[in-house]
Amino acid sequence: MASSEEFLEHFIYFHKRLRPPSKWEWIVLHHSKTKDGKTVSWGAIRRFHTKVRGWASIGYHFGIELLRDQYEILLGRSLLMDGAHCKEKGLNRNGIGICLVGDFDIAPPPEEQLELALKLCEWLCVEFEIPPSRVIGHGEAAPWKTCPGLKFPLEEFRTRLAERLDERLDLRGGRKA
Ligand SMILES: [Zn+2]
């Protein structure tokens, strides 16, 4: 299901109030690379996680996929539920899982997709008071994995996210962290 930005903001706001905000302390980024190297769709990931693995819902909390001609943020499992995306370091319990659909071992994500991931992380960081340093790639918790891809610009992503969060603080007259 594609989601409007307004709906997503309400979705995050609503979930934050139902669950203690201290619960989500990390954001873990993934890509959808499959073993055969094919890019799969959000629907296919959902079916695989629920029908094949038998999980209650798709493992990630959010997805970012190209739908027709533009990238969309897609809803995954409820933020009221633990994730099923990163068992390493217990991050299923306190890490929000975001999957960018694509294979970034081969090429970096397109700017449009990165930009939408930044926007989503910006909302989540503000709502759950997560610092950019706690936005990590799956492989940073599980070094034997390349997820979210060898070509994914993780350091650049955190830097850009920190800049956006600084700008927000400036707009509110707050101090820079
Ligand atoms: Zn992963």
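Nothing in this text is a laboratory measurement; each read-out follows from the coordinates by a stated rule. Because the structure is predicted, anything quoted here is derived from the model rather than measured. Note that we place each Cβ from the backbone using ideal geometry, even for glycine, and neighbour counts take in every protein chain shown.
Annotations for the structure displayed:
- Antiparallel DSSP beta bridges within region 27-136, percent to nearest 5: 40
- Spin-label proximity, Leu66 to region 88-105 - amide N less than 13 Å from point 7 Å beyond Cα toward beta carbon: 101-104
- The chain: angle of helix 5-18 to the longest principal axis, Cα-based, in degrees nearest 10: 80
- Sites Asp170 and Tyr13, calculated FRET efficiency, Cβ-Cβ separation with R0 30 Å, nearest 0.05: 0.85
- Checking the Cα-Cα distances for Lys23/Lys89; Lys16/Lys51; Lys33/Lys145; Lys89/Lys145; Lys87/Lys145 against a 19 Å cut-off, the pairs over it are Lys16/Lys51.
- Compared with the direct C-alpha span, the chain from Lys23 to Val52 gains 7.6 nm at full extension, assuming 0.36 nm per residue.
- Looking at region 63-106, none of the GluC sites (Glu not before Pro) sits in a DSSP loop with at most 14 other Cβ atoms within 10 Å of its own Cβ.
- Order of Val126, Val52, Val28, Val40 under a 10 Å beta carbon neighbour criterion, fewest first: Val52, Val126, Val40, Val28
- Quarter of Cα convex hull surface for region 5-171, i.e. mean projection, nm²: 9.6
- Only Lys, Arg (+1) and Asp, Glu (-1) charged, at Cβ; the chain dipole about Cα centre in debye: 880
- From the alpha carbon centroid of region 101-177 to that of region 50-72 is 19 Å.
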